[in-house]
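The values are calculated or read from the model by the stated rules, or taken from the named source; none is laboratory data. Please read all numbers here as calculations on a predicted model, not as lab measurements. Neighbour counts run over all protein chains shown; Cβ positions are idealised from the backbone, glycine included. In case anyone asks, the SASA skips ligands and DNA or RNA and just uses the protein heavy atoms, side chains included. Shrake-Rupley method; radii C 1.70, N 1.55, O 1.52, S 1.80 Å.
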Amino acid sequence: MKYVLVLLVGLILGGALVFFIFVGAPRAGALPGTPVKAPDQGGDPAGTAVITLDEKFFDAVLASIFRDMNAPSFPLQFGANMMDGYAPQGSVEFRRAIFQEGCPSAVTLVQEGSNVKTSVRLTDGKILAPLAFNGSYNAPVFGCIRFKGWAQASIQLSFEQSKQTVYGRINVEGVNLDNTASGVGDLVTALVQRSINERVNPLEILQSHQLMLALPVKASNSMLKAQVKDVREEVQNGKLSLHITYDFTGQKQ
C-alpha cells in the first residue's frame, strides 16, 4: 500500500509538472488597444498634458487598500475550466471545491512578507511591482499545503482610443517561495503565477470619464470638448509621467 501511495503521489505531481513544463504557466494575455510608448524625442505635440505620479503616491494607494479594504485574493486552479463537467463557476459546489474547510485553494496578496513589501517601483524605464503573498492549496493526496513568498512582476500600459481608456497588465515573471519542498514548490509556483496573471488582467488604469473633457464656455454659449488621441509614458527617477495628447473641438449650444 505504501508503494502504491508513493506511485500515486508521483503520478499526480509529475503530471502537473509535465503540464507546466510543456504548456507553461501562461503569461498575461494581450492588452486591449495599442502599447503605450515613450514620448517622441522631438517633444510633445500641442495639446499635451503631463500627469506625473511618484512612488510615494503608489505607496499611499496600496496602504489604503490593505488598511481599509479586503486584501486581494485569487483562487488557485489549473485553469478556468478546471471544474467543467463537475460544477459551474460561481455555483455553491464550485466555491466549496475551491474554498475547502480551513484550507482555501487561494493566494492572497499581503502588504509585507518574506522581507518584501508590496509596492510599485519606477526604475530604468520600467514599472515594477514586487508582490508579497501567502496562501494555501488543497492538493490531492498531499492535503493542505500552506505557503508564503513573493513575486516579481512588471506592469505594461496600453491605450484604446475608441474606449478612451488606459489599461495595465501585470505580468508575473518570477515566484519565490519560503521553505517549500522543491517538487511541491514547483507546482505551487506555477499555480500562483497562473492565478495572478489570469485573474488580475487587464486593469483599467484610467477610464473615459477621467480622461475626456467637457468645459462649458458661458460667454459664447458653447462647449469645449476634448478627446484623447495619444498617450505616452516616461519612467525615470522614481516617477511615472503620462503624456496625454488631446484633440479639442468646440460645440455651440
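So here's what we get for this one:
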item: Identity of the residue in segment 106-131, in a loop (DSSP other than H, G, I, E, B) and of a type outside the set (S, T, N, Q), that ends up least open to solvent (accessible area, probe 1.4 Å); result: VAL120
item: Considering residues of segment 36-70 that are without any contact (Cβ under 8 Å) to a residue 40 or more places away in the chain and assigned to a loop (DSSP other than H, G, I, E, B) only, the residue least open to solvent (accessible area, probe 1.4 Å); result: GLY43
item: Total residues in segment 208-253, condition surrounded by fewer than 14 Cβ atoms within 10 Å (Cβ to Cβ), more than 28 Å from PHE57 (Cβ to Cβ) and among the charged types (D, E, K, R); result: 2
item: Single residue of segment 139-175 satisfying the filter (within 14 Å of ALA129 (Cβ to Cβ) and open to solvent by 60 Å² or more (accessible area, probe 1.4 Å)) that is modelled with the lowest pLDDT; result: GLU173
item: Segment 181-207, residues that are open to solvent by 40 Å² or more (accessible area, probe 1.4 Å) and either in contact with a strand residue (DSSP E or B) (Cβ under 8 Å, 6 or more places away or on another chain) or of a type in the set (Ser, Thr, Tyr) (or both); result: SER182, ARG199, PRO202, LEU203, GLU204, ILE205, GLN207
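For every residue, the table says whether it meets (1) on the phi > 0 side of the Ramachandran plot; (2) among the β-branched types (Val, Ile, Thr); (3) touching a residue at least 40 places away in the same chain (Cβ under 8 Å).
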site	(1), (2), (3)
LEU131	no, no, yes
LEU157	no, no, yes
ASN179	yes, no, no
PRO202	no, no, yes
SER220	no, no, no
MET223	no, no, no
LYS239	no, no, yes
THR245	no, yes, yes
